[in-house]
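To start, the structure under review is shown below, and the notes come after it.
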Amino acid sequence: MRLLSAVLAVLMAVALGGANASAEAATARFVFTDASKAEFVIELTDAKSIDHARRLLSGQDKDRQHVNGLIVKQTAPYNPRWGYHLTPASISFFDAATEVCDATIVYTQEHLAEAGGAFLPGLRWCPWSSKLVREI
């Protein structure tokens, strides 16, 4: 009986350790820049997006290099310089997008009060010149 309890304890520890490792791997932060030369931090929570971002940084992938997502008009702890951030679940990568969602990091901050109206309708932001520069 003691042996069975010990085996079950080990199996539970391994299973819980694996669950924690998966949870940690499900969040990653990346820095991108754009034509303004400013830097902006995004948080990715989707494993496929995280893998794509890492492949872009390593040079293994050249497709869909630009960042796209929905703006939240508040500072995120991981991106304190800016008064906005992107909802992690909304972030994707693109090659081409409509002009209506294009703006630099700095211009978006300067016109944040207008975002969601004629400027960046629906709070969709897709800076055409965005490019990942590193994972943090």
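Taken together, the values in this text are just the output of simple stated rules run on the coordinates, not laboratory data. As the structure is a prediction and not an experimental result, all values here were calculated from the model. Cβ coordinates were reconstructed from backbone atoms using ideal geometry, including for glycine residues, and neighbour counts include every protein chain displayed.
Enumerate the aspartates and glutamates that Lys62 could reach by cross-link, defined here as Cα to Cα under 16 Å, with residues fewer than 8 away along the same chain left out. Result set, ordered by chain and number: Asp51, Asp95. Full extension of the chain between Ala38 and Arg64 gives 7.3 nm of extra length, using 0.36 nm per residue less the Cα-Cα distance.
Between Leu57 and Ser90, the simple spin-label model (points 7 angstrom out along Cα→Cβ) gives 2.4 nm. When its C-alpha radius of gyration is set against 2.2 N^0.38 Å (N residues), segment 27-135 gives a value of 0.97.
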